[in-house]
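Values quoted throughout were computed directly from the atomic coordinates according to the rules given, and no laboratory measurement underlies them. Quick caveat: nothing in here was measured; it's all calculated off a predicted structure. Note: ideal-geometry Cβ built from the backbone for every residue, glycine included; neighbour counts use all protein chains shown.
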């Protein structure tokens, strides 16, 4: 097995997605919902010190944006984005707000949704 | 889960996100439906190998090393500044079952797209949403050349509960896909109204 090369040209970019996360595949802290809202804390940042991916996240979450939107816009796998986000949260660069779920049981909200869909 | 219900909470908590799942067998028209009715974007996720293959491959000790890329359909319909509907096309293959729990969490409901030429492909989705108690509607995608079935025939074949709406649709048509979503939302409203006396949570 020693001779097995772990990558070759066919593997695409040499920097694999999980290199961005230093090999980790699970975020730390509480679970980050797909639709949790990510906002920048506007903390003072040193652009030369921050990872470019962190800067990209900060740029993309103004105004606040759900995790799934961010992953799609950054063209990074969801798992990778979650790890970046949990790191950034630890560093105080962003806040992550769980989605507002209680309104789902509010018939008026759902009626608004149905009306809006009918107008599509 | 505790439910807070003050208006202040709503005002500061940002837009309300409504999540709707689009399920169904491979080739039933999930991508077609999501793209006909919403602004569609690709969403990739890298996940652990499926549970069945984990049983075979004995990954104990190397968890997290065996990942696989799953592409999902992800659509967004902006209703108002403070109200956005997100559509998630659930990965069709059985080996991605494990992702469904996350997708289903907090979802308003689901559309199960059925292709009458392969009706059995929609059994797993129907089973899943029934078990989970998530509101769902069955939308029979009427492909060209597919024999047209009456909704009641499909209902019987899928052994659905009497209340579950079954509609015919053409996933390529925006209006038709939209009507399927309206049917789902109206069904969810009915379910909520019926259970109004039971305190949520």
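Set the Förster distance to 35 Å, then compute FRET efficiency between residue A:28 and residue B:134 from the Cβ-Cβ distance, nearest 0.05.
0.75
Taking a ≥ b ≥ c as the square roots of the Cα gyration tensor eigenvalues, with a/c under 1.5 meaning rounded and otherwise prolate when a/b beats b/c, else oblate, which class fits segment B:144-197?
oblate
For segment A:17-118, taking Cα atoms only, what is the radius of gyration to one decimal and the Dmax to the nearest whole Å?
Cα-based Rg and Dmax for segment A:17-118 come out at 15.6, 49 Å.
Whole angstrom only: what separates the Cα centroid of segment B:89-139 from the Cα centroid of segment B:164-190?
Rounded to whole Å, the Cα centres lie 15 Å apart.
Taking 0.36 nm per intervening residue step and subtracting the Cα-Cα distance, what contour gain separates residue B:173 from residue B:81 on full extension?
Gain in length upon complete extension: 30.6 nm.
According to a simple spin-label model (label point 7 Å from Cα along Cα-to-Cβ), what is the distance in nm between residue B:157 and residue B:97?
2.3 nm
If packing is taken as the mean number of other Cβ atoms within 10 Å per residue, what is the order of B:127-134, A:77-84, B:29-36, highest first?
The most tightly packed comes first, giving A:77-84, B:29-36, B:127-134.
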